[in-house]
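Quick notes on the structure that follows.
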Amino acid sequence: MAEATNEQIAIKATYFSIIGNTSLALIKGAAGIFGNSYALIADAIESTADIFSSVLVLFGIKYANRPADENHPYGHGRAEPLITFLVVGFLITSATIIAYESIKNIETPHSLPKPFTLFILGAIIIWKEISFRLVMKRSKETNSSSLKADAWHHRSDAITSVAAFIGISVALIMGKGYESADDWSALFAAGFILYNCYHIFRPALGEIMDENMYEDIIEEIRKVAATVQGISGTEKCFIRKSGMKYHVDLHALVDGSLSVRAGHELAHKLQDTLHHDIPELGNILIHIEPVGHHH
C-alpha cells in the first residue's frame, strides 16, 4: 500500500531531523560560548526549538495517518496542519528570543568572536543545506505539509548560520569597534525566520479552510475520468486536503437513458480508476448526472 510507505518515509525523515538537530544544538552552543559569538548561541537556540518542533511533527504524522474510524470518517489528516501551526509558533518564539537578545547585545560592548567559530559554521551550513534538500524531497514525495515545515527549519537554520558566518567575518576583519556585526547578523536571521513562518503557515491555513488550491490535481482527475468508457465528461470537482490525502467530490456525466444500476456501476468503475491512477486520493464521492439535463 502506498500510504504506509509515505508514512514511513515521512517518519524516517523526521527522525533524521531530530538526531541532526540535537547534535547541532550541542555543537553550536559550545562553540558559541567558548568562541564568544552571540550569533552562534542564537543559532543553538534555534536548533533547540527545532528539536521540539521535529518531535511535534513526528507525533503529528503518526496521528494524522491513523485510519478513518467511527468518529473521524475522513481520517485524522487535519492533525497535520494543526501541528504545522504549533511548529510555526515555535519558530516565531525562537525568532523573538534571538531578536531580543541580539538587540540587547548590540547595546552592550563585548569582545570579538574567535576565528575557529568560522570553520564550525562552514560545516554546519553545508550540513543544513543538505538536510533541507533531503527532507524537502521527502515532503514532495509524501504531500506532507508538516514535513515541509520541518524542511524549512533546516533551511532557516542554514541561513542563520550564513548570517552568523558573515557577521563573525566582518567582526574579525574589521576588528575593534565592529564586535556587534555578530549581533546584527543574529538579528537579520531572526527576521528571516519570521518571513519563513508566514510561508509555512499560509498553505496549512488553506488546508484547514478547505481552500481551492489544487488545480493541478483537478486537471489530472478530469484527464483520468476521460479515459473511463461510458463517462462522457466531468463537471464540478471539489478537493479537500487532509494530511497526505486528497478527498474528492466529483460530478460525472453519463448517458441519461442508462438504468440506475448501470450508472452506479460506472461510478464505481470511475472511482476505482481514479484510486488506481492517482494513489494520493482519499475518499472519492461521485455524483452521476445524465447528459443533456443539467441541474
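Any read-out appearing in this document is the output of simple, stated calculations on the displayed coordinates, not a laboratory observation. Fair warning: this is a prediction, and the values are worked out from it, not measured in the lab. Every residue, glycine among them, receives a Cβ derived from its backbone with ideal geometry; neighbour counts consider all protein chains shown.
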Item checked: Which listed pairs, of K137/K223; K236/K269; K114/K148; K62/K223; K12/K223, have C-alpha distances above 24 Å, in listed order -> K137/K223; K114/K148; K62/K223; K12/K223
Next item on the list: Give, as a single signed number, the net charge of other residues whose beta carbon lies under 13 Å from the beta carbon of M209, with Lys and Arg counted +1 and Asp and Glu -1.
Entry: +1
Next item on the list: Read phi for every residue in region 198-214 and hand back ³J(HN,Hα) as whole Hz from Karplus 6.51 cos²θ - 1.76 cosθ + 1.60, θ = phi - 60°, with x for Gly and Pro.
Entry: 4, 5, 7, 5, 4, x, 5, 5, x, 5, 5, 8, 6, 5, 8, 10, 10
Next item on the list: Would you work out which of G77, I97, L118 lies farthest towards the positive end of the dipole of the chain? Charges go on Cβ: Lys and Arg +1, Asp and Glu -1.
Entry: L118
Notebook entry, point to check: So, with +1 on the Cβ of K and R and -1 on the Cβ of D and E, and no other charges, what is the size of the charge dipole of region 6-209 about its Cα centre, to the nearest 20 debye?
Noted result: 380
Check: In the Gaussian network model of the chain, springs joining C-alpha atoms below 10 Å, which of H154, H199, H276 carries the largest mean-square fluctuation?
Finding: H276
Notebook entry, point to check: Amide H to amide H under 5 Å from E289: which residues, 5+ apart in sequence or cross-chain, H placed 1.01 Å off N in plane?
Noted result: A252, L253, V254
Checklist line | Under 13 Å, Cβ to Cβ, from I106 - net charge with Lys/Arg +1 and Asp/Glu -1 | finding: -4
Item checked: Separation of the N212 and K269 label points, Cα + 7 Å toward Cβ, nm -> 3.0
Next item on the list: Using θ = phi - 60° and the Karplus relation 6.51 cos²θ - 1.76 cosθ + 1.60, list the HN-Hα couplings for region 41-48 in order, rounded to whole Hz, with x at every Gly or Pro.
Entry: 5, 4, 4, 5, 4, 5, 4, 5
Next item on the list: Note down, for region 253-295, the three equivalent ellipsoid semi-axes (square root of 5 times each alpha carbon gyration tensor eigenvalue), biggest first, whole angstrom.
Entry: 22, 11, 7
Checklist line | Karplus (6.51, -1.76, 1.60) ³J(HN,Hα), θ = phi - 60°, over region 17-27, in Hz, Gly and Pro reported as x | finding: 5, 5, 5, x, 5, 5, 5, 5, 4, 5, 4
Next item on the list: Using +1 at the Cβ of each Lys and Arg and -1 at the Cβ of each Asp and Glu in the chain, identify which of G60, N6, T108 lies farthest towards the dipole's positive end.
Entry: T108
Check: What is the gain in length, in nm to one decimal, between D69 and S259 on full extension, counting 0.36 nm per residue of separation less the C-alpha to C-alpha distance?
Finding: 65.1 nm
Next item on the list: Taking each pair of different alpha-carbon atoms in region 71-209 once, compute 1/r for the pair, average those values, and report the inverse of that mean as the Kirkwood hydrodynamic radius in Å to one decimal.
Entry: 16.4
Item checked: Packing rank of 177-189, 125-137, where each peptide gets the mean count of other beta carbons within 10 Å, highest leading -> 177-189, 125-137
Item checked: Sites T96 and Q8 - FRET efficiency at Förster radius 35 Å, r taken between beta-carbons, to 0.05 -> 0.50
Check: What does region 215-290 give for Rg and for Dmax, in Å, if only its C-alpha atoms count?
Finding: 11.8, 40
Check: Where q = 0.07, 0.17 Å⁻¹, what log10 of I(q)/I(0) comes from the Debye formula for the chain, counting one point per Cα?
Finding: -0.37, -1.20
